[in-house]
Amino acid sequence: MYVTRYGSGPRVFFGLHGWSGTHDSFAPLAARMPDDVALYCADMPGYGRSAAPREWSLRAIAQEISAAISSIDAPSVTVIGNCSGAIFGLLAAEHAEERVGRFVLIDPFAFVPWYFNLFVARSWGRYAYNSTFANPVGRWVTNLSLRRRRAETSDLTRSFRSVNHETAYRYLELMSRIDGVSRFRDLRAPVDIVYGERTFAAVKRSVAMWQAVWPQARAFELKGAGHLPISEATDRLSEVAFAARKDFAHRVSILC
């Protein structure tokens, strides 16, 4: 896996991008991180500069991510997972739980909404995906139709212009195979869930589902942001993500 690092502080964070992103997805957040932070950002297997996984399975990808986290010389790592990257961070922690001290989940889905399941339907799902995400007109229409789920200047489909569509589709297929939140019930690490006020209804429903299985989870709604808090509410997100545990409650109280 390709991994780049921002900063060299003693507090270590590991970022996993969303469905159509790359390590560059975290650049806005990296620009606002404290001096005592080191932020490692990965291209997940098959994306960006990372080679495809040895096999297209949840386990294989989780193991690669786990190996990348474990290779960092730090006693504890905070995993920041954006959208679907949150799920793969949780899966990776099943293989390296002793290295992960905290999770920050950004706009995380707890299940695959019905409208995404349409794209993996056997008969015509791939055609629907290509028409929606691999086609410039389809992307324009989709972004326009999702204007209530984003800031006015945001483009929810921009990253699909350069994504490897075979990779993106494979990940969507894998996501549809995850049984649900119950498999993560035994997680004991602190969890902070950050989501946009204008995000998808499925994400807001997911937040409640995550909190139902994790009593330790805290949730923070970012006012005015949609599904892209990294770019739409960067300052407020950085306050939550990079807050030290000792002053966490004080710093985030100003956000809500």
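The values are calculated or read from the model by the stated rules, or taken from the named source; none is laboratory data. Keep in mind it's a predicted model, so treat the numbers as computed, not measured. In this analysis, Cβ positions are derived from the backbone assuming ideal geometry, glycine residues included, and neighbour counts consider all displayed protein chains. The protein model used for the area step is the full one, side chains on, heavy atoms only, and it has no ligands, DNA or RNA in it. Shrake-Rupley method; radii C 1.70, N 1.55, O 1.52, S 1.80 Å.
Table for the structure above
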| quantity | calculated |
| --- | --- |
| Unique residue being in contact with a helix residue (DSSP H, G or I) (Cβ under 8 Å, 6 or more places away or on another chain) and open to solvent by 50 Å² or more (accessible area, probe 1.4 Å) when the list is LEU91, LEU118 | LEU118 |
| Only one of ALA249, ALA212 that is at pLDDT below 95 and assigned to a helix (DSSP H, G or I) | ALA249 |
| Residue within the range 21-41 that is within 19 Å of ARG177 (Cβ to Cβ) and of a type in the set (Gly, Ala, Ser) present | no |
| Boolean, THR153 is open to solvent by 20 Å² or more (accessible area, probe 1.4 Å) and closer than 30 Å to ALA243 by Cα | yes |
| Qualifying residue in the range 118-135 (condition: part of a loop (DSSP other than H, G, I, E, B) and either under 19 Å from the mean Cα position of the chain (by Cα) or touching a residue at least 24 places away in the same chain (Cβ under 8 Å) (or both)) | no |
| Test: residue in the range 133-147 that is β-branched (Val, Ile, Thr), at pLDDT 95 or above, out of contact with any strand residue (DSSP E or B) (no Cβ under 9 Å at 6 or more places or on another chain) and surrounded by 14 or more Cβ atoms within 10 Å (Cβ to Cβ) | yes |
| Selection status of PHE13, among the aromatic types (Phe, Trp, Tyr), touching a Leu at 6+ places or on another chain (Cβ under 8 Å) and assigned to a helix (DSSP H, G or I) | no |
| Unmet requirement for ILE178, which otherwise passes all of (1) modelled with pLDDT under 95; (2) β-branched (Val, Ile, Thr); (3) open to solvent by less than 20 Å² (accessible area, probe 1.4 Å); (4) under 16 Å from the mean Cα position of the chain (by Cα) | (3) |
| Any hit, the range 150-159, residues being farther than 20 Å from PRO53 by Cα and in a helix (DSSP H, G or I) | yes |
| The range 165-183 residues that are farther than 16 Å from ALA202 by Cα, paired with ones that are in a helix (DSSP H, G or I) and charged (D, E, K, R) (beta carbon under 8 Å, 6 or more apart) | TYR169/ARG126 |
| Selection status of PRO108, buried (at least 19 other Cβ atoms within 10 Å of the Cβ), part of a loop (DSSP other than H, G, I, E, B), without any contact (Cβ under 8 Å) to a residue 40 or more places away in the chain and touching a Gly at 6+ places or on another chain (Cβ under 7 Å) | no |
| Test result for SER76, more than 19 Å from the chain's Cα centre (by Cα) and open to solvent by 20 Å² or more (accessible area, probe 1.4 Å) | yes |
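Here's the yes/no breakdown for (1) in a loop (DSSP other than H, G, I, E, B); (2) out of contact with any strand residue (DSSP E or B) (no Cβ under 6 Å at 6 or more places or on another chain); (3) open to solvent by 40 Å² or more (accessible area, probe 1.4 Å):
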| position | (1), (2), (3) |
| --- | --- |
| TYR40 | no, no, yes |
| TYR47 | yes, yes, no |
| PRO53 | yes, yes, no |
| TRP56 | yes, yes, yes |
| ARG59 | no, yes, yes |
| GLU64 | no, yes, yes |
| ALA67 | no, yes, yes |
